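No value in this document is a laboratory result; all are computed from the given coordinates. Keep in mind that this is a model prediction, so the values were computed, not measured. FYI the Cβ positions are ideal-geometry reconstructions off the backbone, even for glycines, and counts take in every protein chain you see.
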Amino acid sequence: MTFAAVGDTGYNVLLFLHVVAMFVAIAPTFVYPFLARDTNGDYSVRRSIYAGIAKRSMRIYGSALVLGGLLGFGVSGLSDETYPLNDAWLLISIVVWVAMNGVLHAVVFPAEKAIADGDEPNTQKAEAGSAVITVLFLVSLFLMIFKPGV
């Protein structure tokens, strides 16, 4: 059953919201490593920056990542004749989204909180987690654009 054809207004609005939510969710993985490096070893400045980051990460970026993925299900579900959930590229995208959530919630968020509390070695952990999320995002972006196997 098709609720909206690809290119219809309802479909485009949902697709737009999906893309915006994912970009909001991914923005910090590109920006925060530069903030950490720009402190030039001044740990008090770094702690202050990460205190603000840790306070907002779960609420803004974690929520945006979850919402962006759920909106992606909506984009697929609106027009199941075009994008059935059993397409390999879509299934792999779901796995990648779950992995991004796992890295964000299990690695990046705890590392940000630890840095805010003065545990400097976690800076490398936060940067590594951000790098993994960036790679996973690029994989999902490739899958969404090229839809291999279709």
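Tabulated values for the structure
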item: Neighbour-count ranking [beta-carbon atoms within 10 angstrom, fewest first] of GLU127, GLU120; result: GLU120, GLU127
item: Kirkwood hydrodynamic radius (C-alpha pairs) into Stokes-Einstein, segment 68-115, 25 °C and 0.890 mPa s, D in µm²/s; result: 203
item: Nearest-ten-degree value, helix 122-146 long axis tilted from longest Cα axis of the chain; result: 20
item: Packing-based exposure ordering (other Cβ within 10 Å, fewest first) of VAL66, VAL31, VAL96; result: VAL31, VAL66, VAL96
item: Estimated distance in nm for a label pair at ALA106 and ASP119, the labels positioned 7 Å out from Cα along Cα-to-Cβ; result: 1.7
item: Principal-axis tilt of helix 43-56 within the chain, Cα atoms, nearest 10 degrees; result: 30
item: Where a label projected 7 Å from the Cα of LEU141 along Cα→Cβ would reach, residues of segment 10-30 with amide N under 13 Å; result: 19-20, 22-30
item: For segment 93-98, 3J(HN,Hα) per residue [Karplus equation, 6.51 cos²θ - 1.76 cosθ + 1.60, θ = phi - 60°, Hz, x = Gly/Pro]; result: 4, 5, 4, 5, 4, 5
item: Ratio of Rg to Rh over the chain (Cα coordinates, Kirkwood Rh, two decimals); result: 1.07
item: Efficiency of FRET between ILE92 and ARG47 - r from beta-carbon atoms, R0 25 angstrom, step 0.05; result: 0.05
item: Estimated dipole of the chain in Debye, rounded to 20 [Cβ of Lys and Arg +1, of Asp and Glu -1, Cα centre]; result: 320
item: Computed [θ] at 222 nm, helices only, for the chain once each DSSP H run of length n ≥ 4 contributes -39500 (n - 2.57); result: -24500 deg cm²/dmol
item: With Cα atoms, 0 to 90° folded angle of helix 63-78 axis to the chain main axis; result: 10
item: Whole-angstrom gap from segment 1-51 to segment 57-92, using each part's C-alpha centre; result: 15
